[in-house]
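Written out below as structure tokens is the structure these notes cover.
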Amino acid sequence: MADCAFAFEAIGTHWKIDVFEELSAERKAALLAAIMARIEAFDRTYSRFRDDSTVMEMSKRAGTFELPEDAAPMLDVYRRLYDVTGGAFTPLIGQLMSDAGYDATYSLVAKPLSKPPAWDEMMVVEGRRVSTSRPVLLDFGAAGKGYLVDLVAEIVSSFGISAFCVDAGGDMICRGSEPTRVGLENPLATDEAIGVATIANGGICGSAGNRRAWGEFHHTIDPRTLASPRHVLATWTIAPTALIADALATCLFLVPADDLKSVYTSEYVILFADGSVERSPGAPVELFTQ
């Protein structure tokens with residue numbers, strides 16, 4: 001049981017941060033203030049749901065944009081996975097997501113859809129500097145929440161705390177000597193679990209088609225087909241960082257797991273629509289069903 005816990009809503013999801021050591025009232029208040037400031041700064045840069053973000057500025061004009069230093073690692077992950085998935089995993093999907101109904105007002109009403117532009121036709125990325133040839137609506141939802149979990153974990157660590165768990169709507173990073181057991185939610189019966197993962201000093205992220213679902217779509221849309229994949233019900237990935245785990249959990253809806261092994265090492269579980277399960281040999285997971 002945590003000695004100290006924070007629970008709050010931010011970026012459209014529920015956060016829970018467990019700290020496994022005693023904190024004074026002053027230290028606890030300072031830590032929470034630092035966490036909230038970090039989340040706000042990230043959202044102000046990358047959100048396509050607020051008018052004052054850098055992403056929304058990029059959707060209104062072409063040019064060169066100097067993003068925060070934290071942009072470079074995330075952009076590198078997007079580029080690597082864009083290449084290995086043949087463009088299926090892309091930050092250029094923002095307009096497609098918006099037109100499908102997952103827009104700034106959450107209208108959930110679809111408009112005519114078109115495929116996203118190719119990366120090299122639209123933008124050049126050099127570290128944290130992004131130069132665009134025309135206005136473009138970027139979307140970092142496929143990996144951004146996991147990355148923000150990592151960044152919040154860095155804040156917690158900077159306070160000298162070594163044992164903790166950061167959970168943002170199921171995207172988690174856990175640190176400390178004691179492993180953490182995490183239930184894998186059944187997407188067909190969300191009050192049940194299909195198994196339990198044991199996480200020790202790493203990240204775990206899940207993605208499921210029953211979350212943020214509307215009409216014919218859910219929160220993952222394949223830009224090649226303009227449709228949400230239906231052959232996969234849910235994925236879970238375990239990796240050293242939540243950024244990688246989050247990105248790969250999305251990729252597993254788009255390409256076979258073997259396609260990803262050339263760029264990142266992870267453990268995973270995939271629940272398919274026919275009820276079958278695929279798992280990596282080393283996945284630290286106990287499944288309740290096969």
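Quick look at the numbers
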{"read-out": "One residue from Ile204, Ile173, Ile238, Ile194 being buried (at least 19 other Cβ atoms within 10 Å of the Cβ), modelled with pLDDT under 95 and of a type outside the set (Phe, Trp, Tyr)", "value": "Ile194"}
{"read-out": "Every residue from the stretch 207-241 that is under 18 Å from Pro256 (Cβ atoms) and of a type in the set (Phe, Trp, Tyr)", "value": "Trp236"}
{"read-out": "Unmet criterion (only one of (1) assigned by TED's automatic domain parsing to the domain that holds Ala242; (2) at pLDDT 95 or above; (3) surrounded by fewer than 17 Cβ atoms within 10 Å (Cβ to Cβ)) for Asp222", "value": "(3)"}
{"read-out": "Boolean, Val125 is part of a strand (DSSP E or B) and either touching a strand residue (DSSP E or B) at 6+ places or on another chain (Cβ under 8 Å) or under 20 Å from Arg48 (Cα atoms) (or both)", "value": "yes"}
{"read-out": "Any hit, the stretch 5-27, residues being modelled with pLDDT of 95 or more and under 25 Å from Val255 (Cβ atoms)", "value": "no"}
{"read-out": "Some residue of the stretch 62-72 being under 21 Å from the mean Cα position of the chain (by Cα), surrounded by fewer than 18 Cβ atoms within 10 Å (Cβ to Cβ), more than 24 Å from Ala227 (Cα to Cα) and of a type outside the set (A, V, I, L, M, F, W, C)", "value": "yes"}
{"read-out": "Every pair of residues 6+ apart whose Cβ atoms lie under 7 Å, when the first sits in the stretch 108-134 and is on the phi > 0 side of the Ramachandran plot while the second is at pLDDT 95 or above and part of a helix (DSSP H, G or I)", "value": "Gly127/Ala72"}
{"read-out": "Val182, sole failed condition from (1) in contact (Cβ under 8 Å) with a residue 60 or more places away in the chain; (2) crowded, with 18+ Cβ neighbours inside 10 Å", "value": "(1)"}
{"read-out": "Identity of the residue in the stretch 156-170, buried (at least 19 other Cβ atoms within 10 Å of the Cβ) and in contact (Cβ under 8 Å) with a residue 60 or more places away in the chain, that ends up farthest from Ala247 (Cα to Cα)", "value": "Ile161"}
{"read-out": "When residues of the stretch 225-235 are limited to those that are under 19 Å from the mean Cα position of the chain (by Cα) and farther than 19 Å from Thr13 by Cβ, the one surrounded by the fewest Cβ atoms within 10 Å (Cβ to Cβ)", "value": "Pro229"}
{"read-out": "Options Gly282, Gly275, Gly202; residue that is more than 30 Å from Ala118 (Cα to Cα), without any contact (Cβ under 8 Å) to a residue 24 or more places away in the chain, touching a strand residue (DSSP E or B) at 6+ places or on another chain (Cβ under 8 Å) and not polar (S, T, N, Q)", "value": "Gly282"}
{"read-out": "Boolean, Ala283 is under 29 Å from Asp83 (Cβ atoms), over 18 Å from the mean Cα position of the chain (by Cα) and surrounded by 13 or more Cβ atoms within 10 Å (Cβ to Cβ)", "value": "yes"}
{"read-out": "Pair list, Cβ < 6 Å and 6+ apart or interchain, from the stretch 231-255 residues that are under 14 Å from Gly146 (Cα atoms) and assigned by TED's automatic domain parsing to the domain that holds Glu267 to residues that are among the aromatic types (Phe, Trp, Tyr) and not in a strand (DSSP E or B)", "value": "Leu243/Tyr147; Ile244/Tyr264; Cys251/Phe89"}
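The values are calculated or read from the model by the stated rules, or taken from the named source; none is laboratory data. Every value quoted in this text rests on a predicted model; they were computed, and no experiment measured them. Cβ atoms come from the backbone with ideal geometry, glycine included; neighbour counts cover every protein chain shown.
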